[in-house]
Amino acid sequence: MTVSFFLNDSSQDEYKVEPQSFNDILTLPIADSQSNLHIHYRMAGPLHAPAVVLIHGLGCSVEFWCHVLEDRQLVRHNLFLAMDLPGFGLSSKPRGYDYSMKSQAEAIAQLLKNHNIRPKAIVGFSMGGPIAIHLSRLTHAEQLILVEPTITENDLVITPTIAATPGWILELLKVITHIYPWYFARLLVRRRDAHSIKIINRALRRVPGWVMSKAAKELVRAAKDPATYKAFKEFPGQKAVILGQHLAEDPVYNPPDDMFDHASCYVVPGAGHSVMLDNPEFFNEILMGTIERGMFSHRY
């Protein structure tokens, strides 16, 4: 797999601290024997600071991390890198790509390798959880932080339904985001914040129905595979799981009995699934504490 890498001139500052504007377009073309990928990504922070990789979930985009990338305290001492996964956001959506968790992780690893980055921490949200686990094996990161992860069969809620729905039907359902913007957003956030709703609906509109269905099938396969959770348990570095209060207090939530024997757990008050959008201040505080000190005072 060959990789070419493009950054705008302002990103070449070795000591850059200011987050980049979300109007900037940065792409990473990746060419292999099966497909031609263009990965859209963002970076914020000093280029030689400890690196943190942010991986979004199913139907999401790099914009879900906007409050992290724009937090001056967070980016002052860490280099954050977030990307639109292949098939999502502004990244390309090739038909020949398999959209598996392993392939997504390998694409991110190529991005990191090209920029000579060995991440200190990997943060995976929802579907980003199993991708982060794969990536941790490829990069030997020190910290693995999973946010509302989908890494066991019990974590699957609506994903099997999405996986079983034909792509053309999922494509038609996107019309609802124009007619009733809160309809799908309410599955991801608890508060009706106009900015968050726009981010969610914009991300959904940019995912072709066939990509959504294919990626959902791969996510179901990964969550049902015992090797996914086993790899999480066996990760040798520091591990943390961040949950929204809505899930943490849900009587249906049934994590493995030994999950929190292997990882610290933190709960974001008042937050639904997309905790980084629902309560960004608290989420960022947890993230900073976990990355910089390996601990946080509000442990669940």
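The values are calculated or read from the model by the stated rules, or taken from the named source; none is laboratory data. Bear in mind the structure is a predicted one, so any value in this text is a computation, not a measurement. Heads up, the Cβs are rebuilt from the backbone with ideal geometry, glycines too, and the neighbour counts pull from every protein chain shown.
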What are the residues in the range 88-109 that are out of contact with any Pro (no Cβ under 9 Å at 6 or more places or on another chain) and surrounded by 20 or more Cβ atoms within 10 Å (Cβ to Cβ), if any? Phe88, Gly89, Ser91, Ile108
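For the range 192-245, list the helices (runs of 4 or more DSSP H) that sit wholly inside it and hold at least 2 residues that are more than 28 Å from Ile291 (Cα to Cα); which are they? Write out each step before concluding.
Details: elements: 194-205, 209-224, 226-234.
Result: 194-205, 209-224.
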If you go through the range 187-205 one residue at a time, how many are surrounded by fewer than 19 Cβ atoms within 10 Å (Cβ to Cβ), in contact (Cβ under 8 Å) with a residue 24 or more places away in the chain and either of a type in the set (A, V, I, L, M) or closer than 21 Å to Ala163 by Cα (or both)? 3
Taking the range 249-283, which residues are of a type outside the set (Val, Ile, Thr), over 23 Å from Lys233 (Cβ atoms) and not in a loop (DSSP other than H, G, I, E, B)? Met276, Leu277, Asp278, Pro280, Glu281, Phe282, Phe283
Criterion first (more than 17 Å from Pro208 (Cα to Cα), surrounded by 17 or more Cβ atoms within 10 Å (Cβ to Cβ) and touching a residue at least 12 places away in the same chain (Cβ under 8 Å)) does Pro119 satisfy it? yes
Would you please list the contacts, defined by Cβ atoms under 8 Å and residues six or more apart or on different chains, that run from a residue in the range 225-252 that is at negative phi and free of Cβ contacts under 8 Å to residues at least 60 places away in the same chain to a residue that is of a type outside the set (S, T, N, Q) and part of a helix (DSSP H, G or I)? Lys233/His262
Within the range 37-47, work out how many residues are modelled with pLDDT under 90 and surrounded by fewer than 22 Cβ atoms within 10 Å (Cβ to Cβ). 2
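Each row is one residue, and each column tells you yes or no for (1) closer than 20 Å to Ser136 by Cα; (2) touching an Asp or Glu at 6+ places or on another chain (Cβ under 9 Å).
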residue: Ala240; (1), (2): yes, no
residue: Leu243; (1), (2): no, yes
residue: Glu249; (1), (2): no, no
residue: Asp257; (1), (2): no, no
residue: Gly272; (1), (2): no, yes
residue: Glu285; (1), (2): no, no
residue: Met288; (1), (2): yes, yes
residue: Ile291; (1), (2): yes, no
Give just the number: which of (1) buried (at least 21 other Cβ atoms within 10 Å of the Cβ); (2) farther than 26 Å from Pro256 by Cβ; (3) in contact with a helix residue (DSSP H, G or I) (Cβ under 9 Å, 6 or more places away or on another chain); (4) of a type outside the set (Phe, Trp, Tyr) does Leu173 not satisfy? (1)
Would you call Gly124 surrounded by 19 or more Cβ atoms within 10 Å (Cβ to Cβ), in contact with a His (Cβ under 8 Å, 6 or more places away or on another chain) and either in contact (Cβ under 8 Å) with a residue 60 or more places away in the chain or under 22 Å from Val68 (Cα atoms) (or both)? no
Asp257 fails exactly one of the following numbered conditions: (1) without any contact (Cβ under 8 Å) to a residue 60 or more places away in the chain; (2) in contact with a strand residue (DSSP E or B) (Cβ under 9 Å, 6 or more places away or on another chain). What is the number of that condition? (2)
Any residue in the range 63-77 that's closer than 26 Å to Asn201 by Cα: show its pairings with residues that are assigned to a loop (DSSP other than H, G, I, E, B) at Cβ separation under 6 Å, as long as the two are six or more apart or on different chains. Phe64/His56; Leu69/Pro19; Glu70/Pro19
